[in-house]
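Notes for the one structure printed next.
The values are calculated or read from the model by the stated rules, or taken from the named source; none is laboratory data. No experiment lies behind these values; they were computed from the predicted model shown. Cβ: placed from backbone, ideal geometry, glycine included. Neighbour counts: every protein chain shown.
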Amino acid sequence: MIVLSPDSLNEMYARHLDWYPAIQNPTPPPEYIAGLADIMAQFDLILLDSYGVLCRGSTPIEGAAEAIRQLRNNNIPFLVVSNDTLTNHSVAAEKYHTRGFDFTGEEVLTSLDITEQYLSTLENSGNIAVIAPLEHPSNHLLEGMVRLNGCNGEIPEEVDTLLFLTGAGWTVKMQENLVNSGNGRQFKLVAGNPDIGAPHGEHVTATPGYFLADLVEHTAQKAKPILFGKPDSSIFSAAVKQHQISDPSRVLMVGDTLYTDILGGNAMGFKTLLLQCGVYQNEDIMAVISHTGISPHYIAPCL
């Protein structure tokens, strides 16, 4: 497990801004609110990040379940939009039920769902190596790929494409081997989960975007990665299409990370709400906003 500070997290995101949509901030400074209940009635759809908004790791965040009940009681549509690549909508309900949330599969959209759409179009996977545990919900779509977790991170010679799917089971030694075996080579890069870090318990731990960025920085990769999660537009566009939204300003993206939830939401024309209970817990949030140059429409302590 690699633990990141909020500063190191933001610094790595900032070094790779060319991977992400252009920064588009609201004109007024962010408005402080008590929570989602203050503004939920203004929107036709609420998009909710998972880690750092609903839970930290597998532990639910206080007040999150009550906020979901308020959305249901007020008949306000919502969708959990997560860069989780260990869960797709077919297994999401069961996973969230164990955390105290009564979601259906139709109320969750993950970057794994978007990645699976890409994987289903592949005709030849023998040149692809994937970072994912040997037991994974998408195993039927990963058939024929080199499983880097099974070869201690070393990239075989025939591989020309790297898929960063999930960091579960990925070790520091595997990452070292990945970098060493990638030196002097160029790859097509694909990220199912672009997150560089996510809150887990009291820490922020490295996720696939970190392993991707670390490889790029140590091996001088030239290709711009293909991203299937926030802040890329593909997952947001799928959410808007699912709920038949015509006016993006009537959508609220609620998240805890400026470079994914807020940057991506602003770029789509959504309103954005930054929560302080996730990766920036105990941070001076206005200082973080000033340092990153990314600003939400609203700030709240938690959902």
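All of (1) more than 19 Å from residue 65 (Cα to Cα); (2) assigned by TED's automatic domain parsing to the domain that holds residue 47 hold for residue 82 with one exception: (1).
For the stretch 68-75, the condition of being of a type in the set (Val, Ile, Thr) and not in a helix (DSSP H, G or I) holds for none of the residues. Against the definition (assigned to a helix (DSSP H, G or I), surrounded by fewer than 18 Cβ atoms within 10 Å (Cβ to Cβ), in contact with a strand residue (DSSP E or B) (Cβ under 9 Å, 6 or more places away or on another chain) and assigned by TED's automatic domain parsing to the domain that holds residue 56), how does residue 106 come out, yes or no? Judged against the criteria, residue 106 is a match.
Considering 179, 190, the condition of being over 28 Å from residue 261 (Cβ atoms) and either touching an Asp or Glu at 6+ places or on another chain (Cβ under 8 Å) or buried (at least 19 other Cβ atoms within 10 Å of the Cβ) (or both) is satisfied by 179 alone. Taken over the stretch 131-143, the residue count meeting the criterion of being touching a strand residue (DSSP E or B) at 6+ places or on another chain (Cβ under 8 Å) and not in a helix (DSSP H, G or I) is 3. Residue count for the stretch 197-229 satisfying the condition of being crowded, with 24+ Cβ neighbours inside 10 Å, touching a Leu at 6+ places or on another chain (Cβ under 6 Å) and modelled with pLDDT of 95 or more: 0. When 191, 238, 223, 300 are checked against the criterion of being more than 24 Å from residue 169 (Cα to Cα), free of Cβ contacts under 8 Å to residues at least 40 places away in the same chain and not charged (D, E, K, R), 223 stands alone in meeting it. Out of 9, 47, 86, one residue alone is of a type outside the set (Val, Ile, Thr), assigned to a loop (DSSP other than H, G, I, E, B), under 15 Å from the mean Cα position of the chain (by Cα) and surrounded by 16 or more Cβ atoms within 10 Å (Cβ to Cβ). It is 86. Considering (1) out of contact with any Pro (no Cβ under 7 Å at 6 or more places or on another chain); (2) farther than 19 Å from residue 227 by Cα; (3) surrounded by 15 or more Cβ atoms within 10 Å (Cβ to Cβ), the lone condition that residue 58 does not fulfil carries the number (3).
Of the residues making up the stretch 109-128, those that are out of contact with any Lys or Arg (no Cβ under 8 Å at 6 or more places or on another chain), surrounded by 15 or more Cβ atoms within 10 Å (Cβ to Cβ) and outside any loop (DSSP other than H, G, I, E, B) are 109, 110, 112, 113, 114, 115, 116, 118, 119, 128.
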